[in-house]
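K.L.:
Got a structure for you, written out below as structure tokens; questions coming shortly.
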Ligand SMILES: C[S@@+](CC[C@H](N)C(=O)[O-])C[C@H]1O[C@@H](n2cnc3c(N)ncnc32)[C@H](O)[C@@H]1O
């Protein structure tokens, strides 16, 4: 999309710092020309979508952000109004599994704000939160946590997404991105990443 922009792109984030990083990314990858068709907007995504007219969006891409949204009922509702017919919403999902392990090589995970034993898992249900606390050094928890890198996300089950897609009359595909029809695999075949695609009928 950034290689061959056609039309106009609104780039939304609540964080000014992240928008600055996005601009730097475009500069450093020689895509600065694309700034001509991009508006960087510091705004909460549901607030932003509310400002748009109905049937005005061809495509919405939400990368590594879906789990930051608590009220996905409102997100689906807004998309059902603001997307054009056949318009799509594509979001990456941090995990398709309800199972939360207490740690990985890079981070410690908290279930609903609480630490739990390292050899256990927790089964998440809709509305639960999970917190990621990154280690300063990968594979070395005793080096401590990276300050300011802690993030809390909401767990949304596949069933809830499917229920909401029915409620708002959206076609849905959810799964590992390699299973999603029409996604070209390119050189990313090794990457395991959950994806949610909604299409307005
Ligand atoms: C993991 S970062 C991903 C950033 C970027 N999309 C990327 O792929 O590099 C998650 C981003 O979501 C933003 N965010 C979280 N909740 C948001 C919301 N409700 N509306 C808009 N942006 C939000 C945060 O500020 C943060 O920059």
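The values are calculated or read from the model by the stated rules, or taken from the named source; none is laboratory data. Because the structure is a prediction, the values reported are computed rather than measured. Note that each Cβ is placed from the backbone with ideal geometry, even for glycine, and that neighbours are counted across all protein chains shown.
K.L.:
Among the candidates 31, 78, which residue alone is in contact (Cβ under 8 Å) with a residue 12 or more places away in the chain and within 28 Å of residue 176 (Cα to Cα)?
P.N.:
Details: 31 fails: within 28 Å of residue 176 (Cα to Cα).
Selected residue: 78, the only one of 31, 78 that is in contact (Cβ under 8 Å) with a residue 12 or more places away in the chain and within 28 Å of residue 176 (Cα to Cα).
K.L.:
What are the pairs with Cβ atoms under 8 angstrom where one residue, in the range 142-157, is free of Cβ contacts under 8 Å to residues at least 12 places away in the same chain and the other, located anywhere, is more than 13 Å from the ligand (Cβ to nearest atom)? Sequence gap at least six, or different chains.
P.N.:
Matching pairs, first to second residue: 143/135; 143/136; 143/137; 144/135; 144/136.
K.L.:
Okay, next question. Does the range 158-172 hold any residues that are touching a residue at least 60 places away in the same chain (Cβ under 8 Å) and assigned to a helix (DSSP H, G or I), and which are they?
P.N.:
First, the residues of the range 158-172 that are touching a residue at least 60 places away in the same chain (Cβ under 8 Å): 158, 160-161, 164-165, 167-170.
The answer is 158, 160, 161, 164, 165, 167.
Okay, residues lined up against (1) crowded, with 17+ Cβ neighbours inside 10 Å; (2) over 30 Å from residue 48 (Cα atoms):
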| position | (1), (2) |
| --- | --- |
| 87 | yes, no |
| 105 | no, yes |
| 110 | yes, yes |
| 122 | yes, yes |
| 125 | no, no |
| 144 | no, yes |
| 148 | no, no |
| 158 | no, no |
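K.L.:
Is the range 180-190 home to any residue that is out of contact with any helix residue (DSSP H, G or I) (no Cβ under 6 Å at 6 or more places or on another chain), surrounded by 12 or more Cβ atoms within 10 Å (Cβ to Cβ) and modelled with pLDDT of 90 or more?
P.N.:
No, there is no match, as no residue in the range 180-190 is out of contact with any helix residue (DSSP H, G or I) (no Cβ under 6 Å at 6 or more places or on another chain), surrounded by 12 or more Cβ atoms within 10 Å (Cβ to Cβ) and modelled with pLDDT of 90 or more.
K.L.:
Can residue 48 be described as modelled with pLDDT of 90 or more, more than 15 Å from the chain's Cα centre (by Cα) and under 27 Å from residue 192 (Cβ atoms)?
P.N.:
Working: modelled with pLDDT of 90 or more: yes; more than 15 Å from the chain's Cα centre (by Cα): yes; under 27 Å from residue 192 (Cβ atoms): no.
No, not satisfied.
K.L.:
A further question on this structure: Of the residues that make up the range 51-65, is at least one within 20 Å of the chain's Cα centre (by Cα), surrounded by 13 or more Cβ atoms within 10 Å (Cβ to Cβ) and in contact (Cβ under 8 Å) with a residue 60 or more places away in the chain?
P.N.:
yes
K.L.:
Which numbered condition trips up residue 132, out of (1) exposed (fewer than 15 other Cβ atoms within 10 Å of the Cβ); (2) within 13 Å of residue 106 (Cβ to Cβ)?
P.N.:
Evaluating residue 132 over (1) exposed (fewer than 15 other Cβ atoms within 10 Å of the Cβ); (2) within 13 Å of residue 106 (Cβ to Cβ) leaves (1) as the failure.
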